[in-house]
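Trainee: I have a structure I would like to understand better, so I am pasting it below and will then ask my questions one at a time.
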Amino acid sequence: MATNPLENKNQAWSALFSEPMSDLVKRYTASVFFDKRLWQADIQGSLAHAEMLCAQGIISAQDLADIQRGMAHIRQEIEAGTFEWKLELEDVHLNIEARLTQLVGDAGKRLHTGRSRNDQVATDVRLWLRGEIDQLLPLLRHMQGSLVELAAEHAHTIMPGYTHLQVAQPVSFAHHLLAYVEMFHRDEQRLIEVRRRVNTLPLGAAALAGTSYRLDRERVARTLGFDSVCRNSLDAVSDRDFAIEFTGFAALVMMHVSRISEEIIIWMNQNFGFVDLADRYCTGSSIMPQKRNPDVAELARGKTARVYGHLNALLVLMKGQPLTYNKDNQEDKEPLFDTVDTVRDTLRIMAEMVQGIQVKREAMERAALRGYATATDLADYLVKKGLPFRDAHEVVAHAVKTAIGRGLDLSALSLNELQAFDARIGDDVHDVLSLAGSLQARQVLGGTAPVRVLEEVQRHRQRLNPA
Ligand code: ARG
């Protein structure tokens, strides 16, 4: 039975070391209990490397066959939960390699030829992240789809549009939802961009300087589906900006999720009462029997904080590192893993929750009527009758003041009363003062008029469900 140098980790790293690592140091430096999550990528990367080594005549066909057989066995063990992960073996890479050597002998020891854990781990993280991105993209699209389908029903549902959280102008609920679709669409585009830069192969950089073996890096890239090969070995092993960029994407998408969550929470407040959430997304109170709380939306808003924290952690992790690889980089994994988990779960649950939103049209409309939301429409009306806009603004301010004094909406003032503010006001004014008329008027591209909004719904549908 061949000896397996990796198995000696209990004693010391290599013949160079005269004493074993202390238990505390072992635990402090080990990453296996979190980076074992990379096992599939690790095996995939090793197999591609081994195939290339064989094709280049660096290892024999028999070695390759042994490695493939051993890896198939390891894969089964891990899937069955019988693989024994060892703290002494530090990380996912050494655990798998040690087991391989245990299973197939010398071929296992040849696998690491022309490779270092530095380019190996960078490859694994990129492969893994690419896979996660490919699962996030459909979720992001699903989120958009949920919003678009809800919007499709509400091009004529009128709510107050706000600035400063004060009633500003009437908009349709659909228009409001489609604003978020635009945001999530930009997030999707960003993620596609990030994927391109994630999908670059570090393997072949070895420890830092490249290797003297005649590796065919392009072949490995093709096998693993990488779009390109990292062009500088020093950069290849030390760069983590792909992870930072991904987390930047995640921070933005969570920011958007957090904003819509905040709105849902406000809309559900009794003083608004614009929407209700399905019971399955709410929780009760252990003391107040009447309570139904929007916990899911609150948690989505809350979880945004941890993703911002991860982005900050990764940025700070990298800022002081001299080239090239430093063990600091091992700290990239937990923030990155948690970012992926948080974004995935959040998108999934939010997309579902949006589908369960019940819209209370009357409450939305009542709120829009209360805030003099059509004052701008009256001013625009006067402008069309020849008054300069600034003067019209002033006239309407007087009208609103009077209406407030009498506790009425502008539309409730009679024609005579309105004409007292400006004689140009005619009997067509009440069309302008209605909420529907106000929406109808805003037919500019990107405006809230139902005709424009429904066009946008169609555009998004076509984009999201290409035939
Ligand atoms: N577990 C290490 C990491 O995550 C793998 C690379 C270790 N390389 C080294 N030279 N110690 O970064």
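Trainee: Looking at the range 317-334, can you tell me whether even one residue there is buried (at least 20 other Cβ atoms within 10 Å of the Cβ), within 16 Å of the ligand (Cβ to nearest atom) and in a loop (DSSP other than H, G, I, E, B)?
Mentor: Yes; the residues of the range 317-334 include at least one that is buried (at least 20 other Cβ atoms within 10 Å of the Cβ), within 16 Å of the ligand (Cβ to nearest atom) and in a loop (DSSP other than H, G, I, E, B).
Trainee: Continuing with the same structure: Could you tell me which numbered condition Gln189 fails, if it satisfies all but one of (1) within 29 Å of Thr247 (Cα to Cα); (2) within 16 Å of the ligand (Cβ to nearest atom); (3) not in a loop (DSSP other than H, G, I, E, B)?
Mentor: If we test Gln189 against (1) within 29 Å of Thr247 (Cα to Cα); (2) within 16 Å of the ligand (Cβ to nearest atom); (3) not in a loop (DSSP other than H, G, I, E, B), just (2) comes out false.
Trainee: I'd like the full set of residues that are within 25 Å of the chain's Cα centre (by Cα), without any contact (Cβ under 8 Å) to a residue 60 or more places away in the chain and in a loop (DSSP other than H, G, I, E, B), limited to the range 265-291.
Mentor: Cys282
Trainee: List the pairs whose first member sits in the range 141-164 and is touching a residue at least 24 places away in the same chain (Cβ under 8 Å), whose second member is part of a helix (DSSP H, G or I) and hydroxyl-bearing (Ser, Thr, Tyr), and whose Cβ atoms are under 7 Å apart, counting only residues at least 6 apart or on separate chains?
Mentor: Leu147/Tyr180
Trainee: Does at least one position in the range 158-174 carry a residue that is away from the ligand (no atom under 16 Å from the Cβ), part of a helix (DSSP H, G or I) and modelled with pLDDT of 95 or more?
Mentor: yes
Trainee: Filter the range 416-447 down to the residues that are of a type outside the set (A, V, I, L, M, F, W, C), buried (at least 19 other Cβ atoms within 10 Å of the Cβ) and under 18 Å from Gly371 (Cα atoms) and list them by number.
Mentor: Ser438
Trainee: Same structure, new question: Mind telling me which of the residues Asp124, Asp119 ends up being buried (at least 23 other Cβ atoms within 10 Å of the Cβ), closer than 15 Å to Arg37 by Cα and either within 14 Å of the ligand (Cβ to nearest atom) or of a type in the set (Ser, Thr, Tyr) (or both)?
Mentor: When all the criteria are applied, what remains is Asp124.
Trainee: Only one of these is within 16 Å of Gly108 (Cβ to Cβ) and among the basic types (Lys, Arg): Arg27, Arg75. Name it.
Mentor: Residue meeting the stated conditions: Arg75.
Trainee: Output the residue which, of all residues in the range 88-116 that are outside any helix (DSSP H, G or I) and of a type in the set (Asp, Glu), is nearest to the ligand (Cβ to nearest atom).
Mentor: Within the range 88-116, the match that is nearest to the ligand (Cβ to nearest atom) is Asp91.
Trainee: Looking at the range 384-391, can you tell me whether even one residue there is in contact (Cβ under 8 Å) with a residue 12 or more places away in the chain, part of a helix (DSSP H, G or I) and more than 16 Å from the ligand (Cβ to nearest atom)?
Mentor: Among the residues of the range 384-391, not one is in contact (Cβ under 8 Å) with a residue 12 or more places away in the chain, part of a helix (DSSP H, G or I) and more than 16 Å from the ligand (Cβ to nearest atom), which makes the answer no.
Trainee: Could you please give the count of residues in the range 56-78 that are surrounded by fewer than 14 Cβ atoms within 10 Å (Cβ to Cβ) and either touching a Pro at 6+ places or on another chain (Cβ under 7 Å) or polar (S, T, N, Q) (or both)?
Mentor: Number of matching residues: 3.
Trainee: Still on this structure, I have one more. Among the residues of the range 131-159, count how many are surrounded by 21 or more Cβ atoms within 10 Å (Cβ to Cβ) and among the basic types (Lys, Arg).
Mentor: Going through the range 131-159 one residue at a time, the tally reaches 0.
Trainee: Show the residue pairs that are 6+ apart or on different chains and have beta-carbon atoms under 7 Å apart, the first residue being within the range 319-333 and closer than 14 Å to Ala30 by Cα, the second being in a helix (DSSP H, G or I) and more than 9 Å from the ligand (Cβ to nearest atom).
Mentor: Partner pairs satisfying both residue conditions: Asp328/Leu317; Glu331/Leu317; Asp332/Ala243; Asp332/Leu314; Asp332/Leu317; Lys333/Phe34.
Trainee: So, in the range 226-239, of the ones that are surrounded by fewer than 20 Cβ atoms within 10 Å (Cβ to Cβ) and not acidic (Asp, Glu), which residue ends up nearest to Ser116 (Cα to Cα)?
Mentor: Restricting to residues being surrounded by fewer than 20 Cβ atoms within 10 Å (Cβ to Cβ) and not acidic (Asp, Glu), the top hit is Leu234.
Trainee: Within the group Glu365, Glu352, Glu394, which residue is assigned to a helix (DSSP H, G or I) and in contact with a strand residue (DSSP E or B) (Cβ under 6 Å, 6 or more places away or on another chain)?
Mentor: Being assigned to a helix (DSSP H, G or I) and in contact with a strand residue (DSSP E or B) (Cβ under 6 Å, 6 or more places away or on another chain) holds for just one of Glu365, Glu352, Glu394, which is Glu365.
Trainee: Please tell me if Gly81 is of a type outside the set (Asp, Glu), on the phi > 0 side of the Ramachandran plot and more than 29 Å from the chain's Cα centre (by Cα).
Mentor: Considered against the rule, which asks whether it is of a type outside the set (Asp, Glu), on the phi > 0 side of the Ramachandran plot and more than 29 Å from the chain's Cα centre (by Cα), Gly81 comes out as yes.
Trainee: Same structure again: Quick one: in the range 218-261, of everything that is of a type in the set (Phe, Trp, Tyr) and assigned to a helix (DSSP H, G or I), which residue is farthest from Phe274 (Cα to Cα)?
Mentor: This residue is Phe242.
The values are calculated or read from the model by the stated rules, or taken from the named source; none is laboratory data. Predicted model, so just to flag it, every value in this text is computed and none were measured. Positions of Cβ are generated from backbone atoms using ideal geometry, with glycine treated the same way; all protein chains shown enter the neighbour counts.
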